[in-house]
Amino acid sequence: MENETKPSMNSWRELASRIIKFEMAKRGVKYSDLSDRLARIGTQQSADNLRNKINKGILGADLFLQIILVLNVRKLAREELMDILHDLGVDHSDLE
């Protein structure tokens, strides 16, 4: 893609957002379900708060990892991450 740019903070946030939304959709998990699953491991986040954080991609590494774990994500393939970055118009040649 000739209009690709270097990854920005927004690119990384969008990547995190898309990963979580994809994994939730794949499992049919709603934000209220995610909130309940997180509560079971001691993390209190309302469904509305999660929706806001995930949509904006503004979640810390700790919450991201907790979400990945409660969604039972078995693996994140590097190729899938690179595809998402490509779809976002991000030049990821420095990452290869």
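The values are calculated or read from the model by the stated rules, or taken from the named source; none is laboratory data. Not measured: the values here are computed from a predicted model. Cβ atoms come from the backbone with ideal geometry, glycine included; neighbour counts cover every protein chain shown. Keep in mind that these areas ignore ligands, DNA and RNA; they rest on the heavy atoms of the full protein, side chains included. Shrake-Rupley method; radii C 1.70, N 1.55, O 1.52, S 1.80 Å.
State yes or no: is Val73 closer than 15 Å to Trp12 by Cα and aliphatic (A, V, I, L, M)? Answer is no for this residue.
The chain holds helices (runs of 4 or more DSSP H) entirely within its bounds, and those carrying 2 or more residues that are touching a residue at least 60 places away in the same chain (Cβ under 8 Å) map to 9-27, 78-87. Against the criterion of being of a type in the set (Lys, Arg), open to solvent by 60 Å² or more (accessible area, probe 1.4 Å) and closer than 16 Å to Leu71 by Cα, Lys56 does not qualify.
Being under 15 Å from Leu88 (Cβ atoms), open to solvent by 50 Å² or more (accessible area, probe 1.4 Å) and of a type in the set (D, E, K, R) narrows it down to one residue among Arg13, Arg37, Arg27, Arg74; which is it? Working first, answer last.
Details: Arg37 fails: under 15 Å from Leu88 (Cβ atoms); Arg27 fails: under 15 Å from Leu88 (Cβ atoms); Arg74 fails: under 15 Å from Leu88 (Cβ atoms).
Of the residues listed, the single one that is under 15 Å from Leu88 (Cβ atoms), open to solvent by 50 Å² or more (accessible area, probe 1.4 Å) and of a type in the set (D, E, K, R) is Arg13.
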